[in-house]
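Structure first, commentary second.
The values are calculated or read from the model by the stated rules, or taken from the named source; none is laboratory data. From a predicted model like this one, the values you see are computed outputs, not experimental measurements. Note: ideal-geometry Cβ built from the backbone for every residue, glycine included; neighbour counts use all protein chains shown.
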Amino acid sequence: MKYFPFTLLLVLALALPACQPSVEASDKIGVVVTLLSQAEFVENVAGEKVEITVMVPPGASPHTYEPTPSQMTALTQAMMYAKVGSGVDFELIWMDKLLEVNRQMLVVDCSKGIELQGAVDEHGQEHEGLDPHIWMSPLNAMSMVSNICDGLVQIDPGNATYYRQNRDAYLRELAQLDQDIREGLAGVRSLTFMVYHPAFGYFARDYGLTMIPIEVEGKEPTPAGLARLIEQAEEHGIKVIFASPQFNPESAGVIAREIDGRVVMVDSLARDYIANLRLLLDELVEAME
């Protein structure tokens, strides 16, 4: 009975005309992505030539979200699905089922060419299971954008030059973001920061930082774990705890009160990718000075 709702969605979706989508001069290409950040990447490469469907909408968690009937309908008309490909829970749970709806659409693995790393625990050690948050590093984002462009060229070769020119322009923006982050962090006092949900592992790796997560493997810390986190925060002079709006920041608040600090909300799933990472940079520089 657990998957009965999805079975209904699948039946409804397959009841639609089973014709292979094709690109007409006046048509927009249906592209489906898992996360909002990917929608930003697709939009910057394809402009108005695509109709984007985001599977995990604003405010939802990719760890728990389930697709809706309208999303399933969009899948039947899509020519391309850009998956994150790094172990995002939504994809691990739903990807095979989603592909049953439209076996003809091209699936692009945005993680192609990216060196994946294990999830990091509160001691900074990698443990079993991949860190899925590849998009939080601008260097990884550049690979993701290139993979998306390659997919668009494959399904719509007539507009290859357009896609590649847009890709190159957006890659320059991401390269500038990377440079600005390096320059912004060059003068900080501390290289250690604390977060509730461990979404910034690749960011930390690429910029020489140490991330201390409160939540590990989806589990809240025990009272003893909270005490150790408070000790770590005091040891590193941490006064800011970063949290995401998709998660309950109660534990972050407990630690912040104990260290006379504050909780800062940073959305790791925001659509406006460059502006969001610039916000993260500003908050990190202020917190780590």
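If you scan region 246-275, which residues turn out to be under 29 Å from Asn44 (Cα atoms) and either without any contact (Cβ under 8 Å) to a residue 40 or more places away in the chain or loosely packed, with under 15 Cβ neighbours inside 10 Å (or both)?
First, the residues of region 246-275 that are under 29 Å from Asn44 (Cα atoms): 246-247, 264-275.
Within region 246-275, Val264, Met265, Val266, Asp267, Asp272, Ala275 qualify.
Working only within region 86-116, note down all residues that are out of contact with any helix residue (DSSP H, G or I) (no Cβ under 6 Å at 6 or more places or on another chain), in contact (Cβ under 8 Å) with a residue 40 or more places away in the chain and assigned to a loop (DSSP other than H, G, I, E, B).
Gly87, Val88, Gln104, Met105
If you take the residues of region 51-85 that are in contact with a Leu (Cβ under 8 Å, 6 or more places away or on another chain) and assigned to a strand (DSSP E or B), which of them is nearest to Gln154 (Cα to Cα)?
Ranking the candidates gives Met80 first.
Quick one: would you say Lys112 is out of contact with any His (no Cβ under 9 Å at 6 or more places or on another chain) and loosely packed, with under 15 Cβ neighbours inside 10 Å?
Values: out of contact with any His (no Cβ under 9 Å at 6 or more places or on another chain): yes; loosely packed, with under 15 Cβ neighbours inside 10 Å: yes.
Yes, satisfied.
Is at least one residue of region 81-100 under 22 Å from Ile274 (Cβ atoms) and polar (S, T, N, Q)?
Taking every residue of region 81-100 in turn, at least one turns out to be under 22 Å from Ile274 (Cβ atoms) and polar (S, T, N, Q).
Suppose we filter Asp150, Asp206 for residues that are within 21 Å of Asp272 (Cβ to Cβ), surrounded by fewer than 22 Cβ atoms within 10 Å (Cβ to Cβ) and touching a residue at least 12 places away in the same chain (Cβ under 8 Å); which single one remains? Spell out how you get there, then give the answer.
Working: Asp150 fails: within 21 Å of Asp272 (Cβ to Cβ).
Result: Asp206 is the single residue among Asp150, Asp206 that is within 21 Å of Asp272 (Cβ to Cβ), surrounded by fewer than 22 Cβ atoms within 10 Å (Cβ to Cβ) and touching a residue at least 12 places away in the same chain (Cβ under 8 Å).
Take the residues of region 191-203 that are touching a strand residue (DSSP E or B) at 6+ places or on another chain (Cβ under 9 Å) and of a type outside the set (A, V, I, L, M, F, W, C): which is surrounded by the most Cβ atoms within 10 Å (Cβ to Cβ)?
First pass over region 191-203, keeping only residues touching a strand residue (DSSP E or B) at 6+ places or on another chain (Cβ under 9 Å): 191-201, 203.
Restricting the remaining residues to those that are of a type outside the set (A, V, I, L, M, F, W, C) gives 192, 196-198, 201.
Working: Thr192: 17, Tyr196: 23, His197: 21, Pro198: 21, Gly201: 25.
Residue satisfying both the conditions and the ranking: Gly201.
Considering only region 203-212, I want to know if a residue exists there that is modelled with pLDDT of 95 or more, basic (Lys, Arg) and closer than 18 Å to Met144 by Cβ.
Yes, there is a match, as at least one residue in region 203-212 is modelled with pLDDT of 95 or more, basic (Lys, Arg) and closer than 18 Å to Met144 by Cβ.
Ala160 versus (1) outside the structural domain of Gly253 (by TED's automatic domain parsing); (2) part of a loop (DSSP other than H, G, I, E, B); (3) surrounded by fewer than 16 Cβ atoms within 10 Å (Cβ to Cβ); (4) at pLDDT 95 or above: which is the lone unmet condition?
The failed condition is (2).
Of the conditions (1) within 19 Å of Cys110 (Cα to Cα); (2) modelled with pLDDT of 95 or more; (3) not acidic (Asp, Glu), Pro67 satisfies every one except a single condition; which number is it?
(1)
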